[in-house]
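Some notes on the structure that comes next.
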Amino acid sequence: AQSVTQLDSQVPVFEEAPVELRCNYSSSVSVYLFWYVQYPNQGLQLLLKYLSGSTLVKGINGFEAEFNKSQTSFHLRKPSVHISDTAEYFCAVSEPNSGYALNFGKGTSLLVTP
Amino acid sequence: KAGVTQTPRYLIKTRGQQVTLSCSPISGHRSVSWYQQTPGQGLQFLFEYFSETQRNKGNFPGRFSGRQFSNSRSEMNVSTLELGDSALYLCASSNRDGFYEQYFGPGTRLTVT
């Protein structure tokens, strides 16, 4: 069975600094990988996804992620964060064996301060 | 296109009651999935409906059920509510069979007292 680990529950960072949110997964088959963002009192918004092809995936709001199959990781990065990036970020995995249901990590709370 | 809509947005129920939540997917989307979000357990998959049929189900008790109508709108029902059912219930829709990316609604916040 697949599992998703987000290694940091909270990440504080100063505005305009770079940030990396880490995600590792375990699965015995090929998977699809996603990052979602959740702002307070809102649903989830898709930031980016990896289905196949290039391992570097670019998403919305300047975010990007790199799929590393050997390390089973899918870390999210942004070179310069803004106050408005403060939110909860979720890494998710889906695979054919689970009917493509999304299996989420516990989330990383990104707090951007001036 | 309008996004996924969920009604109601907030709900307060008493233990032992039942509740029905509604989800309208993005126009043209035929798949609807439901997720439960709690501080303790995080985001967990409840079930997925495609063309009025339950196609996939998570590990939740039978008190949790759902259905999908011919217009793809979906409802989920929780019977005999327990305090632990207090959560944000998220609905997501998708427009493709097989693999798909899911678009989430704003959720329904259920509080059980």
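Only the coordinates and a few stated rules stand behind these numbers; no lab work does. The shown structure was predicted, so the numbers you read here are calculated from the model rather than taken from an experiment. Quick reminder, even Gly has a Cβ in these numbers, built from the backbone with ideal geometry, and neighbours come from all protein chains shown.
List of remarks:
- Volume per residue that the Cα convex hull of the stretch B:29-113 spans, once the total is divided by residue count, Å³: 96
- Counting Cβ atoms of other protein chains within 10 Å of each Cβ in A:95-108 and taking the mean gives 5.
- Size of the protein assembly as shown from its Cα atoms: along the principal axes, largest to smallest, the extents are 48, 37, 35 Å.
- Farthest towards the positive end of the charge dipole of the protein assembly as shown, among the residues A:A87, A:S73, A:N41, is the Cα of A:N41, using unit charges on the Cβ of Lys, Arg, Asp and Glu.
- Length released on extending from A:E16 to A:S52, taking residue separation times 0.36 nm less the Cα-Cα span: 9.9 nm
- Contour minus Cα-Cα distance for A:N41 and A:T5 (0.36 nm per residue): 10.6 nm
- For A:K106, the lysines whose Cα falls under 23 Å of its own Cα, not counting residues fewer than eight places away in the same chain, are A:K49, A:K58, A:K69, A:K78, B:K57.
- Once C-alpha pairs closer than 8 Å and six or more residues apart are averaged by separation and normalised to the residue number of chain B, the relative contact order reads 36 percent.
- Dmax and Rg, reported as Rg then Dmax, of chain A (C-alpha, Å): 13.5, 44
- Relative contact order, percent, chain A [alpha-carbon distance under 8 Å, six or more residues apart]: 36
- The distance separating the Cα centre of the stretch B:51-113 from that of the stretch B:11-30 comes to 7 Å.
- Using only the C-alpha atoms, the convex hull of the stretch A:40-95 corresponds to 98 Å³ per residue.
- Local net charge near A:S27, Cβ-Cβ under 12 Å (Lys/Arg +1, Asp/Glu -1): 0
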